[in-house]
1. Roughly what % of DSSP beta bridges within the chain run antiparallel, to the nearest 5?
2. Note the per residue figure in Å³ for the convex hull of the C-alpha positions in region 349-410.
3. How long are the semi-axes of the ellipsoid equivalent to region 263-419, from square roots of 5 times the Cα gyration tensor eigenvalues, in whole Å, largest first?
4. Could you identify which residue out of Arg157, Arg176, Arg251 has the top mean-square fluctuation in a GNM of the chain using Cα springs shorter than 10 Å?
5. When the helices in the chain are scored as -39500 (n - 2.57) per DSSP H run of 4 or longer and the sum is shared across all residues, what 222 nm value do you end up with, to the nearest 500 deg cm²/dmol?
6. Extent of region 167-293 along each principal axis, from alpha carbon coordinates, in Å, largest to smallest?
7. Over the chain, with a Gaussian network built from C-alpha contacts below 10 Å, which listed residue (Asp162, Asp319, Asp347) shows the highest mean-square fluctuation?
8. Determine ³J(HN,Hα), in whole Hz, for all residues of region 30-47 in sequence, where each value follows from phi through the Karplus function 6.51 cos²θ - 1.76 cosθ + 1.60 and θ = phi - 60°; x replaces Gly and Pro.
Amino acid sequence: MTTSARPPADARAPGAVRRVVMVDAVRTPFGRARKDGLYAHTRADDLAVKTVRELLRRHPQLPPERVDDVALAATTQQGDQGLTLGRTVAMLAGLPATVPGFAIDRMCAGAMTAVTTTAAAIGVGAQDVTVAGGVEHMGRHPMGFDAEPNPRFLAERLVAPDALNMGVTAENLHDRFPALTRARADAYGVRSQERYARALAAGAITPDLVPVALRDPERGWGLATADEPPRPGTTLDSVAGLPTPFRPGGRVTAATSAPLTDGAAACVLAAEDVAAELGLPVRLRMVSFAYAGVDPDVMGLGPVPATHKALDRAGLTMDDIGLIEINEAFAVQVLSFLDAFGIDDEDPRVNPYGGAIAVGHPLASSGVRLMAQLARQMAERPDVRYGLTTMCVGLGQGGTVVWENPHWTGTTTREEDAR
């Protein structure tokens, strides 16, 4: 087994690349994006503020002025998701005025890109500590709302006419690969609900949630403490007759798609030596990351080349990976990834806590949710050294981050330590 390169003895030497760690990650409970959903009367930026404040509350040893940057993603950057989210959320969360911030957009991989962008800055020594995350209030800002795609996309046949409809791209995967049947997708969707329910009952979900105060003009005050989208008790029989909204006689249903969701997630990243200096915990250690492009009309394939690139850069193979958190935009998209790597549909390494089909997918925030779940699984599994988070991205992209388990109890050879 190979390993990522170790940092030089003097990690602050000019030109040295520093190890980057994830200190902690939290998220709001996820709500259904509808008029009577959890967050129907809550601002998107306020959801993001809750996550940043919770990170600071959990780690009082982190002086707020030591945060070098705040990167917050949103797919639809307008209204309460506009105005340079990173900066406005930093100010609203109580960070000093000296802390800058910015907004970022890579659609579903927004938070993932916020993480990797600021991690790169930490790695080269430009920053020491960052906050990265994302928010999506799909109830207020449906995906693609008010967007105006350039007519050249279709006029010059740069993309297929259905490439901007994510559900249709999922149907296209079923078309392209006959082994990706509706029966397999239905079974995967049911398993996602079952695994989430087991993880919730075992106490593996709630510790990463920050409660959110709610105010409804009709129902008064409330408190969001749990995810709203999951459907416990879902069975194969109950999903067998569901309609296929993206195509008459198709194979993609509500039971095999992530529901439209509102929510936010954020994490703290730091150079490993700075985390040690400040007494901050280490939940994940970054090894490598990569993004890749595919044909937009089969955007669900994006995680495959992205994962190949990230593994190659780390000097690893899929055999080295003990835990996989893949975003479940659609069941067929996950299945296409599993088939590409020869992984069984029920492999226990894959989404052991369930995934977005159960818990929801608030677009730009989901990357950090994957990381939070992987971190908790790593703490439970000191026998696992490497894990990855991966996701497909609209318009034909994929993103993958490879992580090392700081709790790993194995040993390396002298040659591995020297790399």
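1. 70
2. Working: hull volume 5.2 nm³, N = 62.
It is 83 Å³ per residue.
3. 25, 18, 15
4. Its mean-square fluctuation being the largest, the pick is Arg157.
5. Result for the chain, helices only: -9000 deg cm²/dmol.
6. 58, 47, 29
7. Highest fluctuation among the options: Asp319.
8. Running phi through 6.51 cos²θ - 1.76 cosθ + 1.60 with θ = phi - 60° gives 8, x, 6, 7, 8, 5, 10, x, 3, 10, 4, 10, 10, 6, 5, 5, 5, 5 Hz.
The values are calculated or read from the model by the stated rules, or taken from the named source; none is laboratory data. Nothing here was measured: the structure is a model prediction, and the numbers come from that model. Cβ coordinates were reconstructed from backbone atoms using ideal geometry, including for glycine residues, and neighbour counts include every protein chain displayed. Protein only, heavy atoms only, side chains kept; ligands, DNA and RNA dropped before computing areas. Shrake-Rupley method; radii C 1.70, N 1.55, O 1.52, S 1.80 Å.
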